[in-house]
Structure formats: structure tokens, C-alpha cells
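Single-structure report; data block below.
The values are calculated or read from the model by the stated rules, or taken from the named source; none is laboratory data. Just so you know, these numbers come straight off a predicted model, no measurement behind them. Here the Cβ positions follow ideal geometry from the backbone for every residue, glycine too, while neighbour counts run over all protein chains shown.
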Amino acid sequence: MNCAHPFNQETPWAQHLMAPVTAQQTALPPAEALRLARLHDRLLAALQANDRAALRCAKQEVLQAAFTPAGTPALRRALRALVWRMAALLPLARR
């Protein structure tokens, strides 16, 4: 059973998923906040381009960053929050 639905940017859930995680919310140093923003932007760009390969690569990069011991605890928390958000990101179904 295929439950993939087209990504609708107007729903509250989509707005939550696309909302940026800012440095003020997570108390990140500027360099780490920039890294988090770049990962978030790569995910959204791949999703909006409906590029499955790019989305898969971006997700793997986020997972790798989230579960390596490098970085501050605040960065790891922010990356793990991004992991939960990206888990729901699915590209449009192929027709």
C-alpha cells in the first residue's frame, strides 16, 4: 500500500516541517547554527525539486551529523530535532 501524498506547503504540518530551527531556540554558536541551516536548506531544496536522490543524500548527511559525537550538546539536540522533522518529508509520488 502506497501512502505517499503530494507535499502541500499550505498545511499546518508542512509549515511546521519547513520552519527553520534558529540559533536563539537552541542556543547554538553562529557556526553551528549556520551548519544546521545549510542542512535544513538542502532538505527543503531537494523536496521542492522533487529530487529523490538529493533528498536521500541530504537525509543521510543529517543522520550522520546527528549521530556522531562531534559538536556541542545543543547542536546534537538541534540535529536530532531536524531528524524528526525530515522523517516526514516525502517527495511527490511518481506518475
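HIS5 - would you say it is in a helix (DSSP H, G or I) and either under 19 Å from LEU89 (Cβ atoms) or modelled with pLDDT under 70 (or both)?
Details: in a helix (DSSP H, G or I): no; either under 19 Å from LEU89 (Cβ atoms) or modelled with pLDDT under 70 (or both): yes.
For HIS5, the condition - in a helix (DSSP H, G or I) and either under 19 Å from LEU89 (Cβ atoms) or modelled with pLDDT under 70 (or both) - is not met.
Kindly establish whether ALA37 is surrounded by 14 or more Cβ atoms within 10 Å (Cβ to Cβ), more than 10 Å from the chain's Cα centre (by Cα) and not aromatic (Phe, Trp, Tyr). For ALA37, the condition - surrounded by 14 or more Cβ atoms within 10 Å (Cβ to Cβ), more than 10 Å from the chain's Cα centre (by Cα) and not aromatic (Phe, Trp, Tyr) - is not met.
Here's the yes/no breakdown for (1) of a type in the set (A, V, I, L, M); (2) at pLDDT 85 or above:
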site: LEU17; (1), (2): yes, no
site: THR68; (1), (2): no, no
site: LEU82; (1), (2): yes, yes
site: ALA87; (1), (2): yes, no
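Residue pairs whose Cβ atoms lie under 6 Å apart, separated by 6 or more positions or on different chains, with the first residue in the stretch 54-65 and within 14 Å of TRP84 (Cβ to Cβ) and the second of a type in the set (Gly, Ala, Ser), do not occur.
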